[in-house]
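Q: Below is the structure I would like to discuss, written out as structure tokens.
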Amino acid sequence: MKISNLIFFSIFFILLLFSITTYVNYTQSEEVRDNAAFLSTSSEIVKQTNRFQRNTLYMERGLRGYVLTGEDYLLQSYDSAIIENDVLLSELATLTVNNPTQLQKLVKVKAVYNSWINKFANPLRAIKPDTNNARNNSLPANYQQFLRDEENLNKIIQKEFRELLNVEYANRAKRSAILQKSEQQTKVISILLTGLSIVVGVVIALLLARHISKRILNMVAMANSIRYGNYKVQVEDEGDDELSELTRSLNHMAKTLEENISLLQRKNVELDQFAHVVSHDLKAPLRGIGNVISWIEEDHGYELPEKVSEYLQLIKGRINRSENLIQGLLTYARVGREEQVKEDVDLNLLITDVLESLPPVRTGLVVRVENLLPTIYTNRLPLLQIFTNLISNAVKYHDKPEGKISIYSKDHSSHYQFFVEDDGPGIGKGYYKKIFEIFQTLQERDSFESTGVGLAIIKKILDDRKEQININSEPGKGAVFSFTWTKF
Amino acid sequence: MKVINILLVEDDELDTIDIKRSLDKMNILYKLHVAKNGEEAIALLKSCPDTSSPTFPNIAIIDINMPRMNGLEFLSVIRSTEEWKNLKSFVLTTSAEKVDREAAEKFGISGYIVKPLKLNNPSSIDAFNLMIDLMNMKD
């Protein structure tokens, strides 16, 4: 599976778990709200019922009092209660509309109540009491019995109402128990789901991290291995996700790099062999010719015409030049491929060595080191080659009877800069580039034995090391060659 | 003065002449046996009945780069052949390469001379002195 898909599905799964948790909590809150509504209805029913009961009692007492005393004000409470009871009954009917048992009870209560009204209350109400004699004639004959019946019916009404209330209370208790249970359940489900989400999230994150980081670390190890020159590395990855793709690309890159580098190494070996063959096979016949000429001169020099001797000298000059060219070419080809041994190189001693290896400087010319040169931990040979070529050029091409060649250095923070300055013929700006090309020389070859390899070698050494070479010169005003050399 | 037998294994005629001219200046009596490569040199050695025969070389001067069998291969053959393995050998070559010198020195050579073989060539002078010493010891 692709890593992006894996991440997507993981997050989706966790979100799903959280959604379920939220849904469960939402349902629970709905239930609580329903219960609150039920409670409010229920308490309303209880309240109305109580009032109805109380009203009925008042009505009975009012009636009885009226019948006994004939006081009209006692009828007033009866009358207001009967009006209120009608309202209460219709309200209770609305409140219990969703509860068939209660509604049924209510209907029964209503019927009993109505019959009480019709049978007892209305006749009693209709009696015109004699204010002078409590024992009124208009009272029914079996008055005592009548009152007892009335009282009984009223008791039935009270009883029915009590039952209604009891049912209501029982309902409430039941509902409360259910709600409590569901609250408990919701709590458990919420905690479980949240816990599960966290665990799943952490597990997925850990797996993903391990899955990815281990492979990334493998690739980092591979890249480091390449960095330190081991190109024969491959990382194994059987997967089919983005990282596997990256791994395959890296493997391909490393393989290509390895192939190219072994090709390069092979080419270098071939070039070495080529240089070796050139040095031996090209030099041998030249030396042979030189030998034969020297034998002629040794054995027959005295009998040679002057012209022949002169021509022989010309041949020897050309042989010398060819040998120099071959040597220059070899040196150029080998730049950067010698053994790279680092050592402490004292530049002051190195310049002394250079001057000793060169032919003695002609009278009138002075070569001087201007400041104390540094000691650098570096490869000696390239520095030797650079100074040898720069100094020998300055000496060789100097065109005035007297002159000075100065060598000095400047210390920059990360590198040194070395200068070889002369007051010789100088070089025009137009030739700055050309003099660094191989076999380019500004002098006619016949008038001057120069191969045109020296500056090309210097340029190659410095280019290989990413160092800079600069020339500052004008015709007739001498030249300053400078180059940089990294400290470490 | 005793005649010294010198085996020269060299394919370049000019070099052979050059060596002869140098030897002529050394004030010794010598006989030069020239082989143009390792194979010819082996044939030459084989033509001597034994090491005490008057024509068996006292000293060998061997070039490295030669056709068919080069100097290093020839050295390897004589060093692994019982009756020839003590033959004093000098390598004379145009190659100043470290690899060639090291390869030659493995065969226990008496000197490594970079051409030209001249009395004013520093690498030749030591070799000449050694050669003269070796030849005088034969006397």
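Only the coordinates and a few stated rules stand behind these numbers; no lab work does. Remember, it's a predicted structure, so these values are computed and weren't measured experimentally. Every residue, glycine among them, receives a Cβ derived from its backbone with ideal geometry; neighbour counts consider all protein chains shown.
Q: Given R₀ = 41 Å, FRET efficiency for A:I83-A:S29 by Cβ-Cβ distance, to 0.05?
A: 0.50
Q: Could you name the lysines whose alpha carbon sits less than 18 Å from that of A:K316, not counting residues in the same chain fewer than 8 places away?
A: A:K283, A:K307, B:K115, B:K118
Q: What's the exposure ranking of A:H398, A:H412, A:H280, going from fewest to most Cβ atoms within 10 Å?
A: Ordered by Cβ neighbours within 10 Å, fewest first: A:H412, A:H280, A:H398.
Q: Using amide H atoms built in the peptide plane, which far-off residues or other-chain residues are under 5 Å from B:A96 H to H?
A: Amide H to amide H, under 5 Å and 5 or more residues apart or across chains, B:A96 pairs with nothing.
Q: With just the Cα atoms of chain B, tell me how far they stretch along each of the three principal axes, in Å, largest first.
A: Result for chain B: principal-axis Cα extents of 37, 33, 26 Å.
Q: Same structure again: Under 14 Å from the Cβ of A:I427, count the other residues' Cβ atoms, weight Lys and Arg +1, Asp and Glu -1, and hand me the total.
A: -1
Q: How would A:M219, B:M66 line up from fewest to most surrounding beta-carbon atoms within 10 angstrom?
A: Ranked by crowding around the Cβ, least crowded first: A:M219, B:M66.
Q: What's the angle, to the nearest 10 degrees (0 to 90), between helix A:100-116's Cα axis and the longest principal axis of chain A?
A: For helix A:100-116, the angle is close to 20 degrees.
Q: Now, a different point. Per residue of A:467-478, how many C-beta atoms from partner chains lie within 10 Å of its own C-beta, taken as a mean? Can you show the working numbers first?
A: On the way: counts 0, 0, 0, 0, 0, 0, 0, 0, 0, 0, 0, 0.
Per residue, the average neighbour count from other chains is 0.
Q: What residues qualify as long-range amide H neighbours of B:H33, i.e. H under 5 Å apart, gap of 5 or more or another chain, H built at 1.01 Å from N?
A: Result for B:H33 returns B:I6, B:L7, B:L8.
Q: R0 = 30 Å: FRET efficiency of A:Q273 with A:V341, Cβ-based, nearest 0.05?
A: The value I calculate is 0.85.
Q: Now for a separate question. Students often forget the sequence filter, so: which lysines lie under 17 Å Cα-Cα from A:K267 once same-chain residues fewer than 8 apart are removed?
A: none
Q: What's the ranking of A:54-65, A:224-235, B:98-109 by average number of surrounding C-beta atoms within 10 Å, highest first?
A: Descending packing order for the listed peptides: A:54-65, B:98-109, A:224-235.
Q: Provide a whole-number value for the mean count of partner chain Cβ atoms within 10 Å of the Cβ atoms in peptide A:288-298.
A: What the average comes to for A:288-298 is 3.
Q: I need the phi-derived Karplus couplings for the stretch A:117-126: 6.51 cos²θ - 1.76 cosθ + 1.60, θ = phi - 60°, integer Hz, Gly and Pro marked x.
A: 4, 5, 6, 10, 5, 4, x, 5, 4, 6
Q: When you look at the Cβ of every residue in B:88-97, what mean number of other chain Cβ atoms sits within 10 Å?
A: Across B:88-97, the average partner-chain Cβ count within 10 Å equals 2.
Q: List A:Y78, A:Y377, A:Y302, A:Y397 from most exposed to least, where exposure is judged by having the fewest other Cβ atoms within 10 Å.
A: A:Y302, A:Y377, A:Y397, A:Y78
Q: Residue farthest toward the positive end of the dipole of the protein assembly as shown, with Cβ of Lys/Arg at +1 and Asp/Glu at -1: which of A:V203, A:V46, B:I4?
A: Most positive-ward Cα: A:V46.
Q: Give the Rg (one decimal place) followed by the Dmax (whole number) of the protein assembly as shown, computed from C-alpha coordinates and expressed in Å.
A: Rg then Dmax for the protein assembly as shown, in Å: 62.2, 198.
Q: From the phi of every residue in the stretch B:46-51, what ³J(HN,Hα) in whole Hz does the Karplus formula 6.51 cos²θ - 1.76 cosθ + 1.60 yield, where θ is phi - 60° and glycine or proline is x?
A: For the stretch B:46-51, the Karplus curve yields 5, 6, 7, x, 7, 5 Hz.
Q: Taking amide H positions as placed 1.01 Å from N in the peptide plane, with prolines and chain starts having none, which residues 5 or more places from A:K404, or on another chain, fall under 5 Å of its amide H?
A: Amide H neighbours of A:K404, under 5 Å, 5+ apart: A:V366, A:D423.
Q: Give a residue-ordered list of calculated ³J(HN,Hα) values for the stretch A:342-349 (Karplus: 6.51 cos²θ - 1.76 cosθ + 1.60, θ = phi - 60°; whole Hz; x for Gly, Pro).
A: Per residue, the Karplus-derived 3J(HN,Hα) values read 8, 8, 6, 10, 8, 4, 5, 5 Hz.
Q: Taking 60 Å as R0, compute the FRET efficiency from the Cβ-Cβ separation of B:L134 and A:L207 and round it to 0.05.
A: 0.15
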